[in-house]
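Here's the structure, in structure tokens; my notes come after.
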């Protein structure tokens, strides 16, 4: 069995293995998602969160957000910067769980965020 689910989240949480497709959605109020120098916080959030990226290859980054049905609800592209923090405002989205896709053209990271209003 892989150590992560299809979105890259750990299968083992609190010493237990979750066998669902999406494990460990991270509902802690101050949870930070970190993967390969990418941080998204806070999570859950009210539709505003910080995207913090250390981009060693200095490549352009694309951000896509999908709702639970797979519909693309938000896109933004960022210029080549080695390190940046960007406030992302998606407060027009309804409360729910969303998939965040971050890509530099070669590497793709997927994470879940929870919007709670």
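The table that follows gives values for the structure above.
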read-out: Matching residues in region 36-67 - criterion: being more than 15 Å from residue 109 (Cα to Cα) and modelled with pLDDT of 90 or more; value: 41, 42, 43, 44, 45, 46, 47, 48, 49, 50, 67
read-out: Residue match in region 14-25 (condition: at pLDDT 85 or above and on the phi < 0 side of the Ramachandran plot); value: no
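Quick grid of which residues meet (1) more than 16 Å from the chain's Cα centre (by Cα); (2) assigned to a loop (DSSP other than H, G, I, E, B):
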position: 58; (1), (2): yes, yes
position: 65; (1), (2): no, no
position: 68; (1), (2): no, yes
position: 73; (1), (2): no, no
position: 86; (1), (2): no, no
position: 92; (1), (2): yes, yes
position: 105; (1), (2): yes, yes
position: 114; (1), (2): no, no
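The values are calculated or read from the model by the stated rules, or taken from the named source; none is laboratory data. Just so we're clear, the structure is a prediction, and the values are computed from it rather than from any experiment.
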